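First the structure, in the form of C-alpha cells, and then the observations on it.
The values are calculated or read from the model by the stated rules, or taken from the named source; none is laboratory data. All of these numbers come straight from a predicted model, not from anything done at the bench. Counting neighbours? That spans all protein chains shown, and the Cβs are built from the backbone with ideal geometry, glycine included.
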Amino acid sequence: MSAALPGGPSLPQERRLVTAIPGPKSQELHARKAAAVAAGVGTTLPVYVTRAGGGVIEDADGNSLIDFGSGIAVTNVGNSAEAVVARATEQLAAFTHTCFMVAPYEGYVAVAEQLNELTPGDHEKRTALFNSGAEAVENAVKIARAYTKRQAVVVFDHGYHGRTNLTMALTAKNMPYKNGFGPFAPEVYRAPLAYPFRWLTGPENCAEEAAAQAIDLMSKQIGGENIAAIIIEPIQGEGGFIEPARGFLTKLVEYARAHGIVFVADEIQTGFCRTGQWFACEDEGIVPDLITTAKGIAGGLPLAAVTGRAEIMDAVHGGGLGGTYGGNPVACAAAIGAIETMKSQDLNAKARKIGETMLPRLRSIQEKHAVVGDVRGRGAMIAVELVKPGTKEPDPETTAAIAKACHNEGLLVLTAGTYGNVLRFLPPLVIPEHLLTEGLDILERAFEAHT
Ligand code: PLZ
C-alpha cells in the first residue's frame with residue numbers, strides 16, 4: 001500500500017491536468033476493474049481517486065479535477081472534512097462495532113436527537129438509523145404500513161428511491177435500474193408529477209392539473225383508505241432535478257392528511273444544506289410525517305435514517321426495525337462531525353451562494369445555446385435540461401458529449417433524467433469560489449464546442 005498523503009481541505013485547491021483523462025495509471029487500474037469487478041457496476045469517469053477534499057479530486061496519475069458531483073450529493077461538507085475525520089478516527093480507535101441492537105452506544109442516540117431537532121416540524125419525533133438510502137425508504141414503507149395497517153404506496157413519475165426489490169418498484173426508470181430484475185413488489189402505484197418544463201398544457205396550471213390527476217388516481221384507482229404512504233422527493237434527484245410546480249406538494253399533503261395517509265419526503269439527495277436549507281421541503285413550509293435521509297448525513301460514511309412523528313415511528317413492534325450495521329458507531333461519529341461542520345461553516349448560506357453564482361451563468365449559456373431547454377434548481381442542486389433546438393425533444397447525445405468534454409478538461413459533472421438529457425451540478429458546499437467559476441468556464445467552452 002502506498003503511503004498516501006492526507007486529503008481533505010488541505011489539498012491544493014487547483015485544477016491540474018498532467019496526463020490525458022483518464023491517465024495511464026487510471027487506465028491500468030480500469031483494466032484490473034474489468035477483470036475483477038462485476039460488469040454491472042458502472043463508472044461515470046474512470047479516474048482512480050487517491051485523495052479528495054474541498055472542491056477537488058486527485059487521481060492516480062497526479063491530475064486534480066474540479067468536483068461538481070460530491071459523489072452524488074454526499075460530500076456536502078467536502079471529502080475528509082476535519083470534524084468528520086477527527087470524530088470518526090477517535091471512534092475507530094475506541095470501538096468499531098457492537099451492533100446497536102446488541103449493546104447500544106451514545107453516538108446513535110446523539111444522531112437521532114440531532115435529526116429529530118433538525119427535520120421540519122416541532123412535534124415529538126423518533127429516528128431509526130440504517131446503512132443506505134434504499135434501506136431507509138424500505139423501512140419508511142414498513143413503518144407506514146405498520147401504523148396505518150394499509151398496504152398501498154403511491155410514488156411519482158421520474159421518481160428514484162433505490163435499487164433493492166421494493167425500492168426498484170418505487171423507482172420509475174427502467175434502464176438501468178430495473179430492466180430484467182423483476183418481478184417487482186406489489187401494491188405500488190405511480191402518479192403523474194408536476195414537471196413544469198414538460199407539462200403538456202404548459203407550466204401555468206401544472207401544479208393544479210397534476211395534483212388533480214394524482215388525487216384522481218389515488219381516490220378512484222386505489223381508494224384513499226387503502227393507501228399507507230405517499231412517497232415523494234421534494235426535488236427529484238435522479239429524475240433530473242425536477243422541482244415540482246409550486247402548490248403540488250401542498251395539495252398532496254392535504255390529501256394525505258384528509259385520508260390518514262403517511263406523507264413521506266425522500267430527502268436523501270436534497271437534504272443536509274444541499275438546497276440552501278436543511279431540508280428542501282422547508283421551502284414550501286411542508287412538514288412531512290416521515291422523512292428519509294442518507295447521503296450528506298455523514299460526510300461520506302454510509303448512514304441513513306427515517307425520522308418522523310413519534311406515534312407513527314413507535315407503531316412498530318419492539319424488534320421490528322434494525323439490522324447488523326444500522327447506525328454503525330463510526331458512521332454516527334462522522335455524522336455528528338458533518339452536522340457540526342454544516343452549522344459552524346453555515347453551509348446553507350454557502351449552498352445559496354453557489355446557486356447565485358451558477359444560475360446566472362447557466363442562464364447566459366441558455367441565451368446563447370438553443371440546446372438548453374431549461375435551467376433550474378435551488379441552492380447547490382442545479383441542472384440544465386438539453387433538447388433539440390426549438391423543440392422539447394430530449395437530447396441525450398449532446399448531453400453525453402458535453403459531459404465528456406468537461407471530463408476531458410478536468411471537470412467532473414454528472415448527468416441525470418428519465419431521458420438522460422440533464423446535466424446536473426452538485427458541487428461540495430465548501431468548494432472555493434475560484435473553482436466554481438473555473439468549472440463554469442469549462443462548461444461554457446464545452447457548450448461552444450458541441451452545439
Ligand atoms: N432516494 C432520492 O437520490 C440515491 C443513486 C445512484 P442509496 N441516489 C443515487 C445509483 O445509481 O445507484 C437515492 C436518492 C433518493 C433514495 C436513494 C437511494 O440511496 O444510498 O443509493 O441506497
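Quickly run through segment 290-300 and pick out the residues that are among the hydrophobic types (A, V, I, L, M, F, W, C), within 12 Å of the ligand (Cβ to nearest atom) and either free of Cβ contacts under 8 Å to residues at least 40 places away in the same chain or in contact with a helix residue (DSSP H, G or I) (Cβ under 7 Å, 6 or more places away or on another chain) (or both).
From segment 290-300, those among the hydrophobic types (A, V, I, L, M, F, W, C) are 290-291, 294, 297-298; that's our starting set.
Subset that is within 12 Å of the ligand (Cβ to nearest atom): 291, 294, 297-298.
Hits for segment 290-300 are 294, 297, 298.
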Subset of segment 218-239, residues away from the ligand (no atom under 12 Å from the Cβ) and in a loop (DSSP other than H, G, I, E, B), comes to 223
Select from segment 115-156 the residues that are surrounded by fewer than 21 Cβ atoms within 10 Å (Cβ to Cβ) and in a helix (DSSP H, G or I) and write down the one among them that is nearest to the chain's Cα centre (by Cα). 118
Would you point out which residue out of 203, 183, 196, 176 is more than 16 Å from the ligand (Cβ to nearest atom) and either outside the structural domain of residue 261 (by TED's automatic domain parsing) or more than 22 Å from residue 250 (Cα to Cα) (or both)? 183
Members of segment 301-331 found to be among the small types (Gly, Ala, Ser), within 15 Å of the ligand (Cβ to nearest atom) and within 17 Å of residue 144 (Cβ to Cβ), listed by number: 304, 305
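Within segment 1-94, considering only helices (runs of 4 or more DSSP H) that don't extend past its boundaries, which have at least 3 residues that are farther than 22 Å from residue 337 by Cβ? Explain how you work it out, then say what you get.
Values: elements: 24-36, 70-73, 82-94.
So the answer is 24-36.
May I ask you to verify whether residue 354 is assigned to a helix (DSSP H, G or I), touching a helix residue (DSSP H, G or I) at 6+ places or on another chain (Cβ under 7 Å), touching a residue at least 12 places away in the same chain (Cβ under 8 Å) and away from the ligand (no atom under 16 Å from the Cβ)? Can you show your working first?
Numbers: assigned to a helix (DSSP H, G or I): yes; touching a helix residue (DSSP H, G or I) at 6+ places or on another chain (Cβ under 7 Å): yes; touching a residue at least 12 places away in the same chain (Cβ under 8 Å): yes; away from the ligand (no atom under 16 Å from the Cβ): yes.
When the stated conditions are applied, residue 354 passes them.
Looking only at segment 95-113, how many residues end up being part of a helix (DSSP H, G or I) and surrounded by fewer than 19 Cβ atoms within 10 Å (Cβ to Cβ)? Even if it seems obvious, please write down each step before you answer.
The initial filter retains those residues of segment 95-113 that are part of a helix (DSSP H, G or I), namely 106-113.
From what is left, the residues that are surrounded by fewer than 19 Cβ atoms within 10 Å (Cβ to Cβ) are 106, 109-110, 113.
Residues that pass the stated criteria total 4.
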Sort out which residues of segment 68-97 are within 16 Å of the ligand (Cβ to nearest atom) and out of contact with any Phe, Trp or Tyr (no Cβ under 6 Å at 6 or more places or on another chain), and write them in order of number. 69, 70, 71, 72, 73, 74, 75
